[in-house]
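Below: one structure in structure tokens.
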Amino acid sequence: MNNSRKVQRRIDRYLANVGRALDHLELDERREILDGLRTHIREELAQQGSTPSNVDDVRTVLSSMDSPQAYRAETTAGRSPQATQSRTLGRLGLYFFLGGIGLAALSLLLGALVAEALFRRRTDSQRRARCMRSWSGNCRMA
Amino acid sequence: MAGWISQFRRGLLELCVLNHLNVQEDHGYQIVQRLKQMDGLDVRESTVYPILARLKTEGFVAVHNEPSPGGPPRKVFRLSTSGKARLRSLNAYWDLLAEAVNKLRSDGPEF
């Protein structure tokens, strides 16, 4: 693996860890923080006069930055536990709602298929019965 | 004491970010560097970027992209109209608090 890929992997791993620590935030807010951090790391490397492929400089910059847990602590401290909890419950409610709609649509589809099969079977047997009553030997079934 | 200072600092930092953006629009890195120069605020990336993201979510700051030499565009933050209104009320509240605390201090004995 070349240097620039190693550098990118280190940065991505740090940002992924911060992202996981911020999983209680809305996606837009989390993305905004991660975008800011990505630019911050780039600016710090530029300030050091580092080429993007210098792994040691990236390690130094990342070790001088806050841990993912620090971001979690900062973003949960000002918010009530109820707010975080209600957001989680709201998300769960949405999943159940969408799941319910999916199940209802599936049930309707299955019902329609079964009804169609029953109707076709009944029509066929009626036609067969009419055919037998007519005594004509050349009755053609569809 | 440490918990109280941490909560107080967090609120104060939002006021400082808004006041900085009232002077000039700026991108995140420069805001962090500017506030780091102020003693007592103990500014870290983990405090400023979440504040900027929240202010954007709440509509108090607006963001536009600016070309960056040798990299992808940088996000530049500026105060929105509602951000200016929020800053006015926060500054007024800060003046009120500072005056009240200073008055109480001046009534007490010198340490």
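The values are calculated or read from the model by the stated rules, or taken from the named source; none is laboratory data. Bear in mind the structure is a predicted one, so any value in this text is a computation, not a measurement. Methodologically, a virtual Cβ is constructed for each residue, glycine included, from the backbone with ideal geometry; neighbour enumeration extends over all protein chains shown. We work out accessible area using only protein heavy atoms, side chains counted, and drop any ligands, DNA or RNA first. Shrake-Rupley method; radii C 1.70, N 1.55, O 1.52, S 1.80 Å.
Would you work out which of A:Tyr14, A:Gly100, A:Gln126 lies farthest towards the positive end of the dipole of the protein assembly as shown, given +1 charges on the beta-carbon of Lys and Arg and -1 on that of Asp and Glu, about the Cα centre?
Of A:Tyr14, A:Gly100, A:Gln126, it is A:Gln126.
Can you give the Rg to Rh ratio for region A:84-135, taking only C-alpha atoms and Rh from Kirkwood?
Here Rg/Rh amounts to 1.55.
Then there is this: When the Debye formula is applied to the Cα atoms of the protein assembly as shown, each taken as the same point scatterer, what base-10 log of I(q)/I(0) results at q = 0.16, 0.17 Å⁻¹?
Log10 I(q)/I(0), no solvent term: -1.24, -1.33.
Under 18 Å between alpha carbons, and skipping anything fewer than 8 positions from B:Lys84 in its own chain: which aspartates and glutamates qualify?
B:Glu14, B:Glu25, B:Asp26, B:Glu58, B:Asp95
Using only alpha carbon positions, build the gyration tensor of region B:16-107, then give the equivalent ellipsoid semi-axes as the square roots of 5 times its eigenvalues, largest first, whole angstrom. Walk me through the numbers on the way to the answer.
Numbers: eigenvalues 169, 52, 19 Å².
Computed over region B:16-107, the values are 29, 16, 10 Å.
How about region A:9-58: which of its residues lose at least 40 Å² of accessible area in the presence of all protein chains relative to their chain isolated, using a 1.4 Å probe?
A:Glu29, A:Glu32, A:Ile33, A:His40, A:Arg42, A:Glu43
While we're here: What number does region A:1-79 give for Rg over Rh if you use C-alpha atoms and the Kirkwood radius?
Over the Cα atoms of region A:1-79, Rg/Rh equals 1.01.
If you plug each phi of region B:76-93 into the Karplus form 6.51 cos²θ - 1.76 cosθ + 1.60 with θ = phi - 60°, what whole-Hz ³J(HN,Hα) values come out, in order, with x for Gly and Pro?
10, 9, 9, 5, 8, 4, 5, x, 5, 5, 5, 4, 4, 6, 5, 5, 5, 5
Kindly compute the accessible surface that chains B and A hide from a 1.4 Å probe when together, both sides summed, and give it to the nearest 100 Å².
Working: alone 7800 and 11000 Å², together 16880 Å².
That pair of chains buries around 1900 Å² in total.
Treating the beta-carbon of each Lys and Arg as +1 and of each Asp and Glu as -1, no other charges, what is the dipole magnitude of chain B about its Cα centre, to the nearest 20 debye?
Charge dipole of chain B: 360 debye, to the nearest 20.
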